Amino acid sequence: MGDPINLISQWFNDLLLGWGLGEKLVAVLSLFVGAAILVTASLLTVVVLIWVERKIAGRLQDRIGPNRAGPFGLLQPIADIIKIFTKEITTPDGADKVAFNIAPVLAIASVLLIWAVIPMAATVVGSDINVGVLYIVAVGSLGIVAILMAGWSSNNKFALLGAFRAVAQMVSYEVPMVLTLLIPVLLARSMGINDIVQAQSTWFIVIAPLAGLIFLITSMAEVGRAPFDLIEAESEIVAGFHVEYSGMAFGMFYVSEFLHVWTIGALIATLFLGGWRGPGAETWPILGLFYFYIKTFVGYFLITWIRLSLPRVRIDQLLSFNWKFLTPLTLVILIVTAIVDKALAIAGAARWLYVLVMLAANVLVGWGTMLVLKTVEPNRPGRVRQEFPPRPVAVAPEAADN
Amino acid sequence: MSGLEIVFLIVAAMTLSAAFMVVTTQNLVHGALWLVLTLFGVAATFVLLNATFLAVVQVVVYIGAIAILLIFAIMLTRKVMQDSTSQTNANWIVAALLGLVLFVGIAQLLRKSSAVGMMMPAMDAAVDPVVQLGEVLVSPNAYVLPFEVASVLLLAALIGSIVVAWKK
Amino acid sequence: MLDNWLYIGLFIIAAILIPAVAVILPRWVAPRKPNAIKQETYECGMETVGDAWVQFKVQYYIFALVFLIFDIETVFLFPWAVAYDKLPMFAVMEGVIFIAILLAGLMYAWRKGALEWA
């Protein structure tokens, strides 16, 4: 009773078999219908997310957010979608028509493809391939190609510049991201995402908190969310690589960004927060789905909170943060995790001792990093605090009689 | 024809036609995009051969890094948009004939060789091939020396590219 | 096992078809009134100056190169990480040496100033 999704798919299979179709065709058809439903569900999730994001943004900025369209502004995303559907898609002069039209579809396809491998409950897993983690990195790189196509085919030098900077940012932050993805793989001894979820009897955020934190930061930079949002930089370069897009084509880029943030929340939930695991999730798979959604929402809320609190960084700050801080730190934490894990395995430590020692190792590396940063940059310009002597303010001004 | 064969034929046709378009298209950037499709087709072929790790590595490294590098190099040079010279010169018939002869020769060689038509070696289904690859890469009896030499090679590539590309 | 990849192949088809339908649908719903001024290239409201090419900035290329090297390194490390259970400490140290050599490469690039944006 707690496994409705498999019940429905079983019913669908029986229905098709009853119509007299061959068995292989039925299998292929039901897989395709499953895929189409997942794609549509993800796109519809974005509709809800637009409302959630605007409400959260409103509250964190001390205002109410949309509240005109429908009760509590719930119909606002519907209004947005109707508006985007009915706007004209202009193609600029000299644009490369084929690449111009394929780019938004490729951008959103690359985000949707991640959902094929994420397990949402104990029995609901799209595709249990044994190289799930690398697959996620692979489809991310398709999104990068889509950005280049969009920037170049617009025949606009600002779009091209924006596309180059966006690709430089995404490509730089992919290095620490893939390196931190190595750590759950190391801890779970497998690249399959379902295996990683099964291995989280203690959540990986406790065993490898630094890796989780670095994954969060680099994923935010991959998506282009503030504080790393120079890709759009609405107030500066007016939408960067998608400046020439309007109507639904722009809508696709917009939807793909929201969906990407939700997907990052899902990845953090799956790889570091235990995925669908929770009390009673194995016996009632529907509970697993519920836990998964809550954890994904926690990740999404965290990313949105950070976005609404921090100002934008400059491109040179962005890139030096990545190459001079995040990449060496990730390599060091990888080495430390590998050595400590093996040492503990050889010594045959009990589970609680293992968790404690790994946590301590992470804390030590973090503390060591802080020490190194303090010695390297003690007197950074801008951090100098000027001392003002206390001066009485509420005194009568000097007699200015003339 | 089994389903696997049909899928293979479709994938192979897509890869070959994309590769043909890479060399015949007049616009360099279009050629780079067709190259991305070709590399994707090669990854699909790896999947059909059950080499799943290699398939994702192909997409990650070739499409995600090398194709991007190529597209950067193309887009950052001037005047690349329209190449209006003809794609063929006067000798194209001789070249096509030569290509055909080479193709027929290699196809005959492959038909006669014993490697073609061999079934995929039955791998131990219980052990994950990636795990086996990992063991073999660092085991002192197998490939640990090439593994470390590969890292030195990557270091040399990094240093070399910085020396060549950096003008300061 | 190939069944999983069949699902992914079908997912690719679905993930391309459904957004493509969503982009093609507005062709019937949205107005289509192209005119010369609307289709001019956007340059903050001014007339465009020059061709649409960008000054060659070598930094883009260098960052992509360094990314390529580290990407390949990470790809080598994945089988090592997956086979972790079966490896003795010696093999783990070999992986650590691999990482350390590339860390040295990163330090070289840093000192040479290849990682500056300006």
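The values are calculated or read from the model by the stated rules, or taken from the named source; none is laboratory data. Bear in mind that the values here come from a model prediction, so they are computed numbers and not experimental data. Note that we place each Cβ from the backbone using ideal geometry, even for glycine, and neighbour counts take in every protein chain shown.
The table below lists the values:
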quantity	calculated
Qualifying residue in segment C:29-37 (condition: modelled with pLDDT under 70, crowded, with 19+ Cβ neighbours inside 10 Å and either farther than 23 Å from A:PRO104 by Cα or not hydrophobic (A, V, I, L, M, F, W, C) (or both))	no
Identity of the residue in segment C:103-113, at the interface with chain A (Cβ under 9 Å from one of its Cβ atoms) and at pLDDT below 90, that ends up surrounded by the fewest Cβ atoms within 10 Å (Cβ to Cβ)	C:TRP110
Residue match in segment B:21-33 (condition: surrounded by fewer than 16 Cβ atoms within 10 Å (Cβ to Cβ) and among the aliphatic types (A, V, I, L, M))	yes
Within segment A:12-42, tally of residues that are among the hydrophobic types (A, V, I, L, M, F, W, C) and touching a residue at least 40 places away in the same chain (Cβ under 8 Å)	3
Counted residues, segment A:46-102 - those being surrounded by fewer than 18 Cβ atoms within 10 Å (Cβ to Cβ), of a type in the set (Asp, Glu) and in contact (Cβ under 8 Å) with a residue 24 or more places away in the chain	2
Hey, A:LYS97 of a type outside the set (A, V, I, L, M), over 15 Å from the mean Cα position of the chain (by Cα), under 30 Å from C:ASN35 (Cα atoms) and within 12 Å of chain B (Cβ to nearest Cβ) or not	yes
Which numbered condition A:ILE183 misses (of (1) surrounded by fewer than 24 Cβ atoms within 10 Å (Cβ to Cβ); (2) in a helix (DSSP H, G or I))	(1)
A:TRP305 being buried (at least 16 other Cβ atoms within 10 Å of the Cβ), in contact (Cβ under 8 Å) with a residue 40 or more places away in the chain and not charged (D, E, K, R)	no
Any hit, segment A:144-167, residues being over 21 Å from C:PHE63 (Cβ atoms) and free of Cβ contacts under 8 Å to residues at least 24 places away in the same chain	no
A:PRO92 vs. criteria under 27 Å from the mean Cα position of the chain (by Cα) and in a loop (DSSP other than H, G, I, E, B)	no
Helices (runs of 4 or more DSSP H) enclosed by segment A:240-326 - at least 3 residues per element that are over 11 Å from the mean Cα position of the chain (by Cα) and within 30 Å of A:ASN155 (Cα to Cα)	A:247-271, A:315-320
Residue match in segment A:70-81 (condition: within 30 Å of C:ILE72 (Cβ to Cβ) and outside any loop (DSSP other than H, G, I, E, B))	no
Filter result for the condition that a residue is touching a helix residue (DSSP H, G or I) at 6+ places or on another chain (Cβ under 9 Å), under 27 Å from A:TRP276 (Cβ atoms), modelled with pLDDT under 90 and within 9 Å of another protein chain (Cβ to nearest Cβ), over A:SER154, A:SER201, A:SER190	A:SER190
Sole residue being over 20 Å from A:VAL261 (Cα atoms), within 14 Å of chain C (Cβ to nearest Cβ) and of a type outside the set (Phe, Trp, Tyr), chosen from A:GLY34, A:GLY18, A:GLY22, A:GLY70	A:GLY34
Which numbered condition C:GLU40 fails, given (1) at the interface with chain B (Cβ under 10 Å from one of its Cβ atoms); (2) at pLDDT below 85	(1)
Selected residue [surrounded by fewer than 23 Cβ atoms within 10 Å (Cβ to Cβ) and under 19 Å from A:LYS55 (Cα atoms)] from A:VAL255, A:VAL298, A:VAL206	A:VAL298
Of residues in segment C:68-91 being surrounded by 22 or more Cβ atoms within 10 Å (Cβ to Cβ) and more than 8 Å from chain B (Cβ to nearest Cβ), the one nearest to B:LEU153 (Cα to Cα)	C:PHE70
Which numbered condition A:ALA57 misses (of (1) assigned to a helix (DSSP H, G or I); (2) more than 16 Å from the chain's Cα centre (by Cα); (3) within 14 Å of chain B (Cβ to nearest Cβ))	(3)
Flag if C:LEU65 is facing chain B (nearest Cβ under 7 Å) and at pLDDT below 85	no
Any hit, segment B:55-75, residues being surrounded by 14 or more Cβ atoms within 10 Å (Cβ to Cβ), in contact with a helix residue (DSSP H, G or I) (Cβ under 7 Å, 6 or more places away or on another chain) and modelled with pLDDT under 80	yes
Segment A:326-364, residues that are free of Cβ contacts under 8 Å to residues at least 40 places away in the same chain and within 12 Å of another protein chain (Cβ to nearest Cβ)	A:PRO328, A:VAL332, A:ILE335, A:VAL336, A:ILE339, A:VAL340, A:LYS342, A:ALA343, A:LEU344, A:ALA345, A:ILE346, A:ALA347
Residue among A:ALA116, A:ALA109, A:ALA121 that is closer than 19 Å to A:GLY251 by Cβ, among the hydrophobic types (A, V, I, L, M, F, W, C) and buried (at least 20 other Cβ atoms within 10 Å of the Cβ)	A:ALA109
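This table checks each residue for (1) within 12 Å of chain A (Cβ to nearest Cβ); (2) hydroxyl-bearing (Ser, Thr, Tyr); (3) in contact (Cβ under 8 Å) with a residue 12 or more places away in the chain; (4) assigned to a helix (DSSP H, G or I).
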residue	(1), (2), (3), (4)
B:ILE10	no, no, no, yes
B:MET14	no, no, yes, yes
B:PHE20	no, no, no, yes
B:VAL23	no, no, no, yes
B:HIS30	yes, no, no, yes
B:ALA43	yes, no, yes, yes
B:VAL56	yes, no, yes, yes
B:ALA65	yes, no, no, yes
B:ILE74	yes, no, yes, yes
